[in-house]
Structures are given as structure tokens and as C-alpha cells.
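The values are calculated or read from the model by the stated rules, or taken from the named source; none is laboratory data. Keep in mind it's a predicted model, so treat the numbers as computed, not measured. Backbone-built Cβ (ideal geometry, glycine too); neighbour counts: all protein chains shown. SASA here: full protein model, heavy atoms, side chains in, ligands and nucleic acids out. Shrake-Rupley method; radii C 1.70, N 1.55, O 1.52, S 1.80 Å.
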Amino acid sequence: MPNIVVVGTQWGDEGKGKIVDLLTSQAQVVVRYQGGNNAGHTLVVGGEKFIFHLIPSGILHPGVQCLIGNGVVLDPQVLLMEVDRLKERGLSVGPENLRISERTQVIMPYHQRIDVAREEKQGAGKIGTTGRGIGPCYEDKVARRGIRMADLIAPDVLQAKLADILPEKNFYLEKFLGAQPLNGEEILAAYLPMAARLKPWVANVSVLLAQAAQEGKNILFEGAQGTHLDIDHGTYPYVTSSNPVAGAACTGAGVGPKQLHLVLGIVKAYTTRVGAGPFPTECLDSIGDHLVERGVEFGSTTGRRRRCGWLDAVVLKDAARLNGLTGLAITKLDVLTSVDPVKICVAYDLDGERRQTIPPTIQELERCRPVYEELPGWQQDLRGVRRFQDLPAATRDYLQRLEKLAGVPIQIVSVGPDREETIVVQNPLG
Ligand code: IMP
């Protein structure tokens, strides 16, 4: 049975959660491989809304094993809150359906405090992070002074590591950032009970994945954020601190590249971005307002209004190459109803030269002017449509143009937030 990686092709918030949820009916294992609670998936099932930041969206499916890979940075407080909220709603969450890698890095209170204080100090030059401590936690991972789940659940190790690291963090917080220091005893008092609760969930995720593959189970690798927020391939430095691209599923989950059979790229029918950074097709006019309002474009993690603009095929083609996409899922197509004409950016004009790829520097990207192609819009409400051939001709033309520009077949089209509001053109999992 094929395994599939689900990745965002833009700057995150493409609607991955709904597609992961949809495909999970055909997968037995869902694993997250990067990011942390900077992500947020909103799912609507039977009119009921669920928001997840850490737990893989597959948790809504009974019998599915959800895994959090070593590439994730995990805030234990957030995870336990999500678990408790799901339990309150009658869903079963426990070690039988959710496991965390023993190598997953733990977000500590100083990570979050540094993230927020650093952004404040930056003022206008800030990245616009989610303030969840994501970047500082990945910094510690690379600096080899991170606390991992295996350390968290060993009280002596946690205490020793904290005693070692906290003076440096407090020095940085107080002396450089002008922020309040943290108290080690208080951190331990909060973290030890959480560690005790989480202990039964900690496992060797790589081994669990190998077993699942051997048993012929379908594995779904769930990416967070999007290709252009990738620390290596995104619009650096306005990026997140991990690798959302599909290849990172290997390192972030602990599998070899032969385990990644299919790669589904999620494409919002227009573009959104939260936080700072260049955005060539941004619409600062009534089209932008329409997209925000009709698309309810407010972050599910921070509540921030998302910046909105036209679909950018340069961004999409880049994502197709970087991820080796085998299929596309187009989301929020219904939001474009009554926008007429619709535009697609097919190239950039950089100082009078046509560019088909994203330049590496922010300075160049800021000078890029989008070259648009205009297509006729449509007026019909799409939310009731369930077959591709029943879409208005102009909508089909828009989709077919996207498909041609990306060079990747469209397999799924989402026409509304509910699980049911979906057109499966060609089931990626057969
Ligand atoms: P961080 O990941 O909190 O460090 O934020 C770095 C950048 O990535 C900021 O521009 C955030 O708005 C953006 N970002 C992080 N996670 C998401 C996400 O899940 N969706 C969209 N943008 C995100």
C-alpha cells in the first residue's frame, strides 16, 4: 500500500488538515514530522469544529495510530491541553492511538519567553513569529543543548539539564533582551507532573513506522506550515525554523526515502501569508478584503488576519520541484466565487527580466513584480458540487490552467470546509 506525504505548497494555512483528515480514512498511521504548535489545523466534521496544533488530525479516526516524530518541537502543556479537550468531547486519546518520539525536542518556558522578547526587541524588523518558542527550541536542538522527550521523562536528567542551561538562558533574557528571568524550581514543578503523564506515550517512532510498513499499513506523513516557510528553501529569513518540504519526512519521522511513495501538494486557490516577509501577489485592495472575509482568513493559532493575494504559479512550480509532487489538492475554491476576472501570477518581472523561479534574496524578491494572466471568473456557489464535470466551465478552466502551470495532476478539489464538501478527481491512494 502506498505511503503519502502531505505538504503545503505556499506559506502555510493551505487547508492541509482537511485533506489529511480525508485521506486518513485510507491510512492506518499518521505521523507529523516537523514544526510544533505554531501550526493549527481547523477541521469541520459534521458541522463540528476541531482545532489541532500538535496532535495529528488523524486522531478523529478510530483505529488510526497517530505519531509525533523526532522532527517536531513539542510543548507538553499544549499537547496535554489538546488531549484533555478531545477527551471532554468524548474522543479517545491515549498511548494506544498517540505516541511521541523519545527524540522529539521539548519546548521549555525559556524558549517561548525568548521568542516573544526577541520579536519585541526587533520592532519593525521582526519576523512575525507565532511566539510559541519554535525558533529558540530548534536553535537549542542544533546547538546540542535541547531537552528531548527521553530527558523530560527522566526526572534526574531533566533536573541536571535544566540546572546546566537555565543560567545561560536567564543571562540572555535579562541582560540582552531585558525580559524577566525564569525560576528553575517553578519550571520543574510544572514540568515533572506533565512528564509523568506523558511517559506512557513516549516510544521509538522510527521502530513503530518500520513495523507498520512491514505489516503493509498505509502511512501518511503530515507536514505543517508550507514549502515557502522552509528554513532552507523558503523566503529566508521570513521562514519558520524547520523543513516542511517532503524530503524532511525522512529525517523528521525516522524512515528511509523509499518509504515516501506519493507526495500530495496542498494549494489554496489563492495565496495567504501571516507574519512579515515579501509576498509578490498580495492584494491590498477590495480583492484582498473579499478573500479575508469569504475565506475567513484569520490564523487558527494566533488569530492574526492573514495577508491575501492571487495564486502565484512561480511559488507553485517551485513547490512542485522541491517536493517532487505527484498530485495536487486545491482548497478553498469556493472563496473565489464572484471574483471576476481571476488572476494567476505566471512569472516575475525582476528589473525588466522575466523570472520563473524565486530569487534567493529578500531584496530581489521585494523588487519582483508579478506578471498576471487573467481568466474569466464564475458566479455560481460551488459548495454543493461533488463532481469535476459539474463545476462551471470557467472554474474548470482555472483549475486546468493551474494543473498545466504546475505540471502536476489535480487529484482533489475542496469546495467548502466540511469533509463532505470535496471533489475527488482521482483518489491519490487508489
Ligand atoms: P514561527 O514558526 O513561530 O517561528 O514563525 C515564523 C514564521 O512562520 C512567521 O511568519 C509565522 O507567521 C509563520 N508560520 C509559522 N507557522 C505557521 C503556520 O502554521 N501557518 C502559517 N504561517 C506560519
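Which condition breaks for Tyr110 when tested against (1) assigned by TED's automatic domain parsing to the domain that holds Glu185; (2) under 25 Å from Thr272 (Cα atoms)?
(2)
Would you point out the residue of region 309-338, among those that are more than 21 Å from the chain's Cα centre (by Cα) and buried (at least 20 other Cβ atoms within 10 Å of the Cβ), that is farthest from Leu262 (Cα to Cα)?
Ranking the qualifying residues of region 309-338, first place goes to Leu336.
Anything in region 293-308 that is of a type in the set (Gly, Ala, Ser) and at pLDDT 95 or above? List them, or say none.
The answer is Gly295, and nothing else.
Quick test of your reading of the structure: Pro56 fulfils all but one of (1) modelled with pLDDT under 95; (2) under 26 Å from Asp115 (Cα atoms); (3) open to solvent by less than 20 Å² (accessible area, probe 1.4 Å); (4) touching a His at 6+ places or on another chain (Cβ under 8 Å). Name the failing condition by number.
(4)
In this structure, is Gly288 more than 19 Å from the chain's Cα centre (by Cα), without any contact (Cβ under 8 Å) to a residue 40 or more places away in the chain and surrounded by 19 or more Cβ atoms within 10 Å (Cβ to Cβ)? So that I can check it myself, show each step before the final result.
On the way: more than 19 Å from the chain's Cα centre (by Cα): yes; without any contact (Cβ under 8 Å) to a residue 40 or more places away in the chain: yes; surrounded by 19 or more Cβ atoms within 10 Å (Cβ to Cβ): yes.
Yes: the conditions hold for Gly288.
Name every residue in region 258-277 that is within 16 Å of the ligand (Cβ to nearest atom) and either touching a helix residue (DSSP H, G or I) at 6+ places or on another chain (Cβ under 6 Å) or not basic (Lys, Arg) (or both), in order of residue number.
Applying the first criterion (within 16 Å of the ligand (Cβ to nearest atom)) to region 258-277 yields 265-268, 270-277.
Within region 258-277, Gly265, Ile266, Val267, Tyr270, Thr271, Thr272, Val274, Gly275, Ala276, Gly277 qualify.
Suppose we filter Val255, Val239 for residues that are within 16 Å of the ligand (Cβ to nearest atom), open to solvent by less than 40 Å² (accessible area, probe 1.4 Å) and at pLDDT 95 or above; which single one remains?
Val239
Output yes when any residue across region 84-98 is under 20 Å from the mean Cα position of the chain (by Cα) and farther than 30 Å from Asp164 by Cα, and no when none is.
Checking region 84-98: at least one residue is under 20 Å from the mean Cα position of the chain (by Cα) and farther than 30 Å from Asp164 by Cα.
From the list Thr326, Thr302, which residue is more than 15 Å from the ligand (Cβ to nearest atom), of a type in the set (Val, Ile, Thr) and in contact (Cβ under 8 Å) with a residue 24 or more places away in the chain?
Every option except Thr326 fails the conditions.
Would you say Glu222 is acidic (Asp, Glu), open to solvent by less than 30 Å² (accessible area, probe 1.4 Å) and not assigned by TED's automatic domain parsing to the domain that holds Arg273?
Here the answer is yes, as Glu222 does meet what is asked.
Specify which of the listed residues (Asp381, Asp418) is open to solvent by 60 Å² or more (accessible area, probe 1.4 Å) and in contact (Cβ under 8 Å) with a residue 12 or more places away in the chain.
After ruling out the rest, the residue left standing is Asp381.
I'm told Leu23 meets every condition in (1) under 24 Å from Leu333 (Cα atoms); (2) within 14 Å of the ligand (Cβ to nearest atom); (3) of a type in the set (A, V, I, L, M, F, W, C) except one. Can you identify the failing condition by its number?
So the condition that Leu23 fails would be (2).
May I ask you to list the residues in region 25-42 that are outside any strand (DSSP E or B) and either without any contact (Cβ under 8 Å) to a residue 12 or more places away in the chain or crowded, with 24+ Cβ neighbours inside 10 Å (or both)?
Matches in region 25-42: Ala27, Tyr33, Gln34, Gly36, Asn37, Asn38, Ala39.
Kindly indicate whether Lys169 is among the charged types (D, E, K, R) and either surrounded by 19 or more Cβ atoms within 10 Å (Cβ to Cβ) or not in a helix (DSSP H, G or I) (or both).
yes
Return the residue satisfying two criteria in turn: it lies in region 264-276 and is open to solvent by 10 Å² or more (accessible area, probe 1.4 Å) and in contact with a strand residue (DSSP E or B) (Cβ under 9 Å, 6 or more places away or on another chain), and of such residues it is farthest from Leu22 (Cα to Cα).
Gly275
Filter region 131-153 for residues that are assigned to a loop (DSSP other than H, G, I, E, B) and open to solvent by 30 Å² or more (accessible area, probe 1.4 Å); which is farthest from the ligand (Cβ to nearest atom)? Please lay out each step first, then the result.
From region 131-153, those assigned to a loop (DSSP other than H, G, I, E, B) are 131-133, 143-147, 153; that's our starting set.
In the following step, the residues that additionally are open to solvent by 30 Å² or more (accessible area, probe 1.4 Å) were identified as 132, 143-145, 153.
Values: Arg132: 6, Ala143: 16, Arg144: 20, Arg145: 19, Ile153: 26 Å.
Residue satisfying both the conditions and the ranking: Ile153.
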